[in-house]
Structures are given as structure tokens and as C-alpha cells.
Amino acid sequence: MSTFSASLSNGNLEWRLPSRGRVGMYGLIAAEAAIFTIFVVAYLFYTGKSVTGPQPKDVLHAPIFYTVCLLVSSLTVHAAVRKLVAGDIAAFARLWLLTIALGGTFLYGTAREWAHLIFDEGLTVSTNLFGTTYYSLVGLHTFHVMMGLLALIVVALFYFTARLQREHAERLEVLSMYWHFVDVVWVVVFTVVYVVGV
Amino acid sequence: MSTNTIALSELSVSLPLPLRLHEWVTTVDHKRLGILYILYALTFLVAGGIEAIIMRLQLIRPHNDLVSPEVFNRMFTMHGTTMIFFAAMPLVFGFANYLVPLMIGARDMAFPRLNAFSFWMTALGGLLLYFSFLGGDGLYGGGGAPDVGWFAYAPLTAKTFSVGHSTDFWTLSLLVSGIGSVGTAINIIATILCMRCPGMALGKMPLLAWLNLTMAGLVILAVSPLTAAQLMLLVDRYLGGHFFDTQAGGSAVIWMHFFWIFGHPEVYVLVIPAFAFTSEIIPVFSRKAIFGYPVMVLATVAIGFISMSVWAHHMFTVGMSSGANTFFVLSTMAISVPTGIKIFNWLATMWGGKIRFTTPMLFCIGFLFQFLIGGLTGITLAVAPFDWHLGNSYYLVAHFHYVIVGAILFAAFGAFFYWFPKVSGKMYNEPLGKLFFWLFLSGFHLTFDFMHIPGLLGMPRRIYTYEPGRGWDIWNVIVTIGVFFQVVGILVFAVNLVWSYYRGNAAGNDPWDAWTLEWSTSSPPPGYNYAVIPTVRSRRPLWDLKHPEDPDWRYE
Amino acid sequence: MSPTNIFAPASTPADSIFGLSMFVLLTVAAIFIVVFSLLAYVLVRFRNKRSDDRSEPAQVYGSTQVELAWTIIPGLIVVALFLAAAHVIASVQDAPRPPGALQVIVTGHQYWWEYRYPGLNIVTANELHVPLSNPAHPTPTFLTLLSADTDHSFWVPRLAGKTDLIPNHPNSMWIDPHEPGIFLGQCAQYCGVQHAKMLLRVYVQPRAEFDRWVREQQQLPHSVEGAALTGQRVFESTACVSCHAVSGTPAKGRFGPDLTHLMSRDTIASGAAANTHEMLRLWIKNPDVIKPGSRMPAMGLSDPDLDAVTGYLETLR
């Protein structure tokens, strides 16, 4: 056995492969994208098919401000990682915390919207097809925002306990890919729910 | 075995049992997880087999009263769900886990902890599903096990028609194991793309790696729609949602679409690794390189893509438009072309070779024969108007068992025997292996050849009993008899495995005179797989070493 | 011979499928013979003859021409099969409905079949009567397929392929049987615990006989007298009427089969039992003995009441 492995080894080859973290994250994004696609298909299929109850155009108001917050948070997270790569940990921290704040604002906006829909408009998940598909699709996205935000907060904790270093930049870049995915999904969900489906 | 490679199993033998168990439970080593997956799969194969035996005994004559309709309906639901999700899929993942890192010259999978997490999620899913047997009508009445069929059509799964929690056991156990499946798939892809040894370009890796890469991609794209549909079902059942509530304008058909968008690629998830086994085994026992490696890769990727577009051939009878039906006939027929290409390439590999009829090779030959027939009955089913008779009948049941048992399970048995020496360090007993093959082959053909006939004579599936005088009786008897041959075969297999593990002859590194990297390390491999990460120059690195005057890299 | 043999078609949709299936089976058989012969030949010709011979055979890595050949030829076969299938799909699914065709609305229930003939004002259950069709001047029957609960499937193999009954998704199919007689089938989509006993009986009758059946079904039941009156009183005062209907009486329940002409049927419980005095009495007493899990509960009637109700139902010809 040892003869084989000795003959098989040749340390001179230039050999570079993609990073595991990146490929793994792409895999996760692909799986999540497939789940979202099915919910989007259901939403589009059931547009206009509710037998009773509030219709989208009656009760929906496009959350432009909160959408902008979320989209800007993609820019801030990207900038944060760039700063960390450059070694400027303080600037990284400011941008990272800003990202968290923007994400949190988006969640707050969703909560406000849902409170209005449930208590003022009487639209719940069991009201009609619109209610079922709306809360499921938007809710699934909100859940993903929450998971992402949790991860961002954990990283912030590492920063605050002085464990974060410049060498972690690549991992944070992979995490930021997830955050960008969440934003792209929101662009799709926003278009489907507030533009196409109304 | 040289003195400086000590197998983990040798070290462990000296530890007390609780510590050894702890090692296995907390392992992140791909080889151990692979073995755990496979043992888990074998256990559930037996459980699913018992469910099948109960069904076949009930159906041996018309108006039989061995079990009640409630129990029978739970049996076919649990049998299908168990076999697909807790026997076949773990089997496939187990082999992928064990073999992929070894065959690409890596030390482990890309994410060892994710690997362990994924296995335990799958394991938990199976236990959750079987927990459903407790409660409900009590164990004798089949408990509260799901009884909605393995594809759980709406609105039968609505709270109105499925009272109690049996459907929820189905939904939750598959949600949980689905997380495990996606985790493993991500791991396989990252391993293959990011951890190949130097020199192993994508075009130089073993076909098993290519096929598992395709399979993993399909898992990611296929299991996710099922997860989505199951979340929707939970919303309907527990939050008053209306996704599949036909009274509120919801659609029962859309569940079918979502399910089969998962369900069809799922069967390719199962069969593509079977292709992988045969693509490794047939060349070694024909003593020839695989014929047409690039075409095999292309055909596999093509099958992967096309398989995402054929799902509604499971829905030819639900009343889609003639245009839609016609499209799905075309896409389903199309997939037969790359599939046929693969069969021809395996035949061409054997052509001009020196075929050795070892147990693994016998199983691969069985695979070829049965996959041919199963593929051909698949073509008959692809012809939608013919499917209007054959769909949902015993002809269909015969077809898919032909492919799942006759092709996939046969190839898996071939893989068992081929890699058993590597995994255990011992040779299995060859005469017992051959006896198992002939017993199982006979039982398989008795059961599944003759099962086509009641379908052609109008017998639908999922019925706990049937009327006499329809010409179905004798065929059901023959089908049931075949089961006993299969059972005896499996017993012989189990005896062979256990006896050989403890008393078999030492296998050595390379009992088959094979050509891929796993045969260059010890049997069983050390925990770190390779003392020195190899560098390769061709698809058959060991062929190059054994034939320095005529290495493969001159021809690739 | 099997009464549900798909290779014994007696109606145009089944005939079309039969013709196509013969073409497909022959093609597939030919492919099997070719490939199996190759496999058998290879296994015999290229088996390793001497176990001590360790020399390796010539290594052949591939051949573009051969790959092209076994791509193109199967591709052509696929095209041929596809075109044949497409033709039959169109001819069966998109067949126009002639103006005089008989219309029946079939509603699937757990675990029985409801038949309404809207043009004829008939409601019946489980045994479908249709007129015999002359191939020269076809008189097809068009079925609209609905469901009251879960998914079902209408499959009478000698008459047509199966079509599903799905709630909120009306389907349609047609038959034009050119042979008189009784054609058997059963539900072919798992619909719940008694899916297995949701049997189908289609009675194909020459025109005169069919018209007579129609007239009988259109009649109101005769007035009841004597002992049967007691039975009618029991029937109408217990929960029977919440599920069953008898025309011209206060019984208007739609959950279960219409019983107006119960005695004109050969079977009860959707084919699960013969329509005899013993079976009818047993069915009313305890349906679970015949069809465990059926939606009809045991009514818990006393023996005298049971006899009375049975007697009453037996007047519903």
C-alpha cells in the first residue's frame, strides 16, 4: 500500500479548487430557492381565485421604505466585509451593526404590516386563498430574514468579545452571500405580491 | 497490511462497549457515517419487507380477512414511505458517504459535522415515522400509522378526511429527514467540487463521483419542493390554511404537481447511484475500461436535467389538457434516449472483455437485464393513452418495483459484495453470495414478472381485497409465493454478512485487481484514508501503476 | 376470460388505446429482443475461460460512430412512439360531443357512485345504464366527472381508460359501447378506507331496453300499503332521511345513494353485496360487516323495525 501512495504522490502540481464554504452556501441557496419557487408558484396560481374575503388590491400597501432598508443592508454588509478584508475592523463593525439595524427595521415593518392586516383588515392565514398564500410566502421570507439576522448578531457578539479577526473575512463573505440571497428573494416576493398579484 | 497503518477498528476492539458505542454515536468520519447509513437502511428494508409480506398474504386470495382494510391501508402507506425514504435513500447516501472521499483521494467529506447532523436527522425521521405505530387503534390495529398512501394526495390528507395525527407523522418525519437529505447533498457537492486530489480534474474522476454529483444536485432541486408542499399541508391542517382546500377554491391537483415535481426526480436520485455502482463494477469484472466515459457523463447530466421536466406523467389521468399530456409524453420519452445510451455503453464495456462471474458481477448483470425490462415497461407507461389503463394498476406497481428492486436494489447488492472487502477487511463467502443471488433472482421474477398480469386484467392498486371472477386470483398467488424466495435469500445474505465479518478470510487491499484509488489503501482504510494524498494522471490511477507500459493517460 | 381485460375493448376509446398499445408493445418487444440477445451473446462469448489467465484484454475507450448510432436510432423510435401517442390523445380527449349524445353527471363519493341524467331527470347510484352504440351511427354517452369529497377514478377497462374524479376539478370522458352486457370496473384512485369496494357496473342496453329502463327510473314510487307503511314510517322518522332520498316522499338526503328505485339494482353498497333480502337486511343492520369503514352507520334498529324498513325498501322498484 505504501508503495502505491508513494508512487501516486507528486507534490509539484499546481492544484486549486473552489472553497468549500462558498460551494456549500451555493448549495444551500439552491435548495432554498427551490422551496421559495414552489411558494411563489402557489401564490401566482391562486391569484384572483379567492372565493370570499379581502382581495390584495383592497388591503395591500407596498412597503417601499422597509424594502429600501433591506436592499441597502445588502450594500452595507458587502461594504463591511470589504473593510474587514482591508483590516479596518472598526469600520467593519459599524457597517455590520448598521446591517443588523436595517434588517431589524425590515422585520419591524413586516410586523406592523401584519398587525394592520390582521386587526384592521381581518385578513388571516385562514381567511381565504389570498390570506393563506400571502402569509405563507411573506412569512417564509421573514423567517429567513430572522435566521440571517440571528447569524449576523452572533458575529456581532464575536466582535464584542474581541474574538473576531481579519482572517474570518472569507467566512463572513460566505455568510453575506446568504444575506444577499434573502434580499434577492425579497425582490421576487415583492414583485409577485405587491406588483403582479394586485 | 503494513505496520504503520492501523485501522480504527483495531484500536477500538480494546475499548469497553459503552465507549465504542459513544465513538460511533459521535463520529464525524465519513466511513463510519456511511456504515451507519447502510445499517440503518438495511433495518428499514426489513421493516418495509415485513409490511410487504403482510400485504401479500392478505392479497393471496380474494375476500381474504387476514388484516382489516385500516391495517392494510397503513401497510401500503408505510411500506412505500419506508422503502423510499428510510431504506433506499439512506442506502444511497451511505455508499456515497463511504466511497466518494476515498475515490477522489480526500480524507473526509467537506463538512464532517454537517455529515453527522444529516445522518441523525434522517435517523430521527425514521424513528418518528415508526413511532406512529404506537397509539391510535393500538399496535394490533396498526396504531396511528399514516394511511394516506406514500404520496398523500389532497384532499384525503385534509383534517376532514384524515382525523387524528397519522398524516402528521408522515409529514413531519419526512420534513425532518428531508433536512438530512439536503444536508448530505450539499456535502457531496462541496466534497466533489472542492476536495479532489491533485491531478483529478472533473474529467478524470471516477464515474461514481460524477453520478453522485448529479444525484446530489437532483436532491437539492427535488426534495425542496416536497418540503414546501409539506409546509403548505401543515398550514392547511393546523393554521386553517386553504392551499389544498377544494371547498375554498383550492386545488387538489396542485398538490399532485408539487409532489411529483419531487417524486419523479426522486426516483432518479435512487437510480443514478445504481448506475454509479455498475459503472465501477462492470469494468473491473470485464477487465476493460468503461466504454465512452465522456458520453456516460453527458448522458447522466442529461438524465438529471430531463428528469425535472417529466413529472406529470404521473398525472395523465387527472384531466390535464391534451396539450399538456402530449408534452409530458414527449419529455418522458426523451429521457429514454440517454438511458438507453448508458445500457449500450455497459454492454460495450463487456464486449471484448474477460467476464468474471463473481457475486457483484452477477448482481450487475441482473441489474442490466431488469433495468432493460423496467425501462421498457416505463416506455409503455409513457404512452399516455396506454397509461390511462396501466396507471394506478398493478402493472404500474410491477414496473416501479422492477426498477427499484430489480435495478436499484440489485445494483446495491452488487455494491455490497464489491466493497464489503474494503469496508470490513474480510472476504465474503462466495458460494453463499451466489446462492443469495439465485434465490433473490428467482423470487424477484416470480413476484414482479407475474405482477404485470393482474394490472393488464384491470386490477387497481391500493386495494385491501378484490373480487373473485376477474381473473386475478392465480396471479396473486404466484406473486405472493415469490416473496418467500426473496425472504430466504435475504436471510442467506444476512448470514453471509455477519459470518464473513467475523470469520472471513483477510481480503487485502485490492482483492479484485481494480483500478480506482480506494483499492490503494488498506482494508479497512485507516481513519485518515491516505497517509499521503495521491496525485493522479488518469481515470484509473491504479491501472497506470500496474501497467506502466500502457497507462490510461496516453488515451484519455 | 377476465371481464376487466384491457385487451378486450368494447368501445371506441378502449379500441383506440388497444390499437396504440399493440404498436407500443411490439416496438418494445423488438427492442427487448435485440438488447437481450446482445447481452446474452456478450455473457457467453466474452466470459473468462481460463481462471489462470491474468492477461488483460484490449482496452477500448469509446467510439463516436457507435455512440451516434445508438443515440439516433432510439431517438427515431421515440419520435414514432410519440406521434402515435399524440394522435390517440387528441382523438380521445378532444373528441367533439355530438348534439344528441347522452349526458351523465358522475359524482364520486366515499364509497359509492352517484349518477344523474340531467336531460332525463333521473338520479340513481352505483349501476350506470347506457345505450348500446352502433359503430355506423354512434350514440356515445358523455360523462362529466365530479367529486363530493376525495379523489376517485372511474375505470371500466373494456370501455375506456381511467379518468379521475377530483373535487373542484371537473373532468369529462365518453364511451360508445358496441357490445351489450354488463361491464365491470372499480374506483382506481385511493379514496379512503373502503376504496377497494367502490365497484363499478355499467349496463349497456339496446335502445329499446334502455328506453324502458329510463321510463321506469322516471316514475315516482307507487303508493305504499300494508306492512310496508310501517317501514316507511320508520324510514322517515329515523335518521335514514338525512342521507337518503326517495322521490315523491319527504326523504331528500343527498349524502348517500338515492333509493327511489333501489330494487331495480342487482347489487347494493356499490357492488359489495348482492341485492337480496338477506344482504339488504344485513346492510341496514350493520354495514361494517359487508364494508367495514363505509360511511353508513349501523342504525341500531330493533328487529321488528329492521324487518319493516327492509320490507319498505323492497317496494322501491
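The values are calculated or read from the model by the stated rules, or taken from the named source; none is laboratory data. Note that the coordinates shown come from a computational prediction; the quantities given were computed from them, not determined experimentally. Cβ: placed from backbone, ideal geometry, glycine included. Neighbour counts: every protein chain shown.
Figures for the structure shown
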quantity	calculated
Which listed residue, of C:VAL92, C:VAL78, is within 24 Å of C:LEU146 (Cβ to Cβ), in contact with a helix residue (DSSP H, G or I) (Cβ under 6 Å, 6 or more places away or on another chain) and assigned to a helix (DSSP H, G or I)	C:VAL92
Search result, residues across region B:298-347 that are out of contact with any helix residue (DSSP H, G or I) (no Cβ under 7 Å at 6 or more places or on another chain) and closer than 30 Å to B:ALA514 by Cα	B:LEU298
Residue tally, condition over 20 Å from B:PRO360 (Cα atoms) and of a type outside the set (Gly, Ala, Ser), over region B:513-530	6
From B:PRO431, B:PRO468, B:PRO421, residue being in contact with a Pro (Cβ under 6 Å, 6 or more places away or on another chain) and surrounded by fewer than 23 Cβ atoms within 10 Å (Cβ to Cβ)	B:PRO468
Candidate set from region B:92-132 (those that are in contact with a Ser or Thr (Cβ under 9 Å, 6 or more places away or on another chain) and among the β-branched types (Val, Ile, Thr)); member that is surrounded by the fewest Cβ atoms within 10 Å (Cβ to Cβ)	B:ILE104
Some residue of region C:48-59 being in contact with a strand residue (DSSP E or B) (Cβ under 7 Å, 6 or more places away or on another chain) and either among the basic types (Lys, Arg) or not in a strand (DSSP E or B) (or both)	yes
Flag for B:VAL67 being at pLDDT below 95, out of contact with any strand residue (DSSP E or B) (no Cβ under 6 Å at 6 or more places or on another chain) and among the hydrophobic types (A, V, I, L, M, F, W, C)	no
Some residue of region C:155-162 being modelled with pLDDT of 95 or more, assigned by TED's automatic domain parsing to the domain that holds C:HIS109 and assigned to a strand (DSSP E or B)	no
Every pair of residues 6+ apart whose Cβ atoms lie under 8 Å, when the first sits in region B:237-249 and is at the interface with chain A (Cβ under 7 Å from one of its Cβ atoms) and surrounded by fewer than 23 Cβ atoms within 10 Å (Cβ to Cβ) while the second is in a loop (DSSP other than H, G, I, E, B) and among the aromatic types (Phe, Trp, Tyr)	B:GLY249/A:TYR46
Verdict on C:ALA188 being hydrophobic (A, V, I, L, M, F, W, C), within 9 Å of chain B (Cβ to nearest Cβ) and outside any loop (DSSP other than H, G, I, E, B)	no
Condition check for B:PRO198: at the interface with another protein chain (Cβ under 8 Å from one of its Cβ atoms) and of a type outside the set (A, V, I, L, M)	yes
In region C:275-296, the residues that are touching a residue at least 12 places away in the same chain (Cβ under 8 Å) and assigned to a loop (DSSP other than H, G, I, E, B)	C:ASN275, C:ASN286, C:LYS291, C:PRO292, C:GLY293, C:SER294, C:ARG295, C:MET296
One residue from B:SER322, B:SER331 being among the small types (Gly, Ala, Ser), surrounded by fewer than 23 Cβ atoms within 10 Å (Cβ to Cβ) and more than 9 Å from every other protein chain (Cβ to nearest Cβ)	B:SER331
Among residues of region C:160-172, those that are closer than 17 Å to B:ASN392 by Cα and more than 7 Å from chain B (Cβ to nearest Cβ), counted	2
Considering residues of region C:34-54 that are more than 8 Å from chain B (Cβ to nearest Cβ) and not basic (Lys, Arg) only, the residue nearest to B:LEU376 (Cα to Cα)	C:VAL34
Among the candidates B:ILE373, B:ILE343, B:ILE365, residue that is touching a residue at least 24 places away in the same chain (Cβ under 8 Å), among the β-branched types (Val, Ile, Thr) and touching a Leu at 6+ places or on another chain (Cβ under 9 Å)	B:ILE343
Of the criteria (1) surrounded by 24 or more Cβ atoms within 10 Å (Cβ to Cβ); (2) among the polar types (S, T, N, Q); (3) more than 12 Å from chain B (Cβ to nearest Cβ), which one C:THR139 fails	(1)
Unique match (being within 30 Å of C:LEU43 (Cβ to Cβ), surrounded by fewer than 22 Cβ atoms within 10 Å (Cβ to Cβ) and under 19 Å from the mean Cα position of the chain (by Cα)) among B:VAL267, B:VAL271	B:VAL267
Condition met for C:LEU102 (surrounded by 14 or more Cβ atoms within 10 Å (Cβ to Cβ), at the interface with chain B (Cβ under 9 Å from one of its Cβ atoms) and within 24 Å of the chain's Cα centre (by Cα))	no
Members of region B:269-318 found to be within 12 Å of another protein chain (Cβ to nearest Cβ) and small (Gly, Ala, Ser), listed by number	B:SER286, B:ALA289, B:GLY292, B:ALA299, B:ALA302
Verdict on B:TYR464 being modelled with pLDDT of 95 or more and under 30 Å from C:MET198 (Cβ atoms)	yes
Hey, B:LEU213 in a helix (DSSP H, G or I), in contact (Cβ under 8 Å) with a residue 60 or more places away in the chain, under 26 Å from B:ALA299 (Cα atoms) and more than 10 Å from every other protein chain (Cβ to nearest Cβ) or not	no
Matching helices (runs of 4 or more DSSP H) fully within region B:437-552 where at least 2 residues are more than 22 Å from B:ALA415 (Cβ to Cβ), touching a Ser or Thr at 6+ places or on another chain (Cβ under 8 Å) and more than 14 Å from every other protein chain (Cβ to nearest Cβ)	B:473-503
Lone qualifier among B:PHE410, B:PHE400 - being surrounded by 24 or more Cβ atoms within 10 Å (Cβ to Cβ) and under 22 Å from B:LEU211 (Cα atoms)	B:PHE410
Cross-chain or 6+ apart pairs with Cβ under 8 Å, region C:119-136 first and at positive phi, then of a type in the set (S, T, N, Q)	C:ASN121/C:GLN218; C:ASN126/C:THR267; C:ASN126/C:SER270
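For every residue, the table says whether it meets (1) within 14 Å of another protein chain (Cβ to nearest Cβ); (2) touching a Lys or Arg at 6+ places or on another chain (Cβ under 9 Å); (3) at pLDDT below 95.
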position	(1), (2), (3)
B:THR380	yes, no, no
B:TRP388	yes, yes, no
B:ASN392	yes, yes, no
B:PHE400	no, no, no
B:ILE408	no, no, no
B:PHE416	no, no, no
B:TYR428	no, no, no
B:GLY433	no, no, no
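So that you can scan it fast, the table gives a plain yes or no per residue for (1) at the interface with chain B (Cβ under 10 Å from one of its Cβ atoms); (2) modelled with pLDDT under 95:
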{"residue": "A:ASN10", "(1), (2)": "yes, yes"}
{"residue": "A:ILE29", "(1), (2)": "yes, no"}
{"residue": "A:GLU32", "(1), (2)": "yes, no"}
{"residue": "A:ALA42", "(1), (2)": "yes, no"}
{"residue": "A:VAL51", "(1), (2)": "yes, yes"}
{"residue": "A:VAL77", "(1), (2)": "no, no"}
{"residue": "A:LEU95", "(1), (2)": "no, no"}
{"residue": "A:ILE100", "(1), (2)": "no, no"}
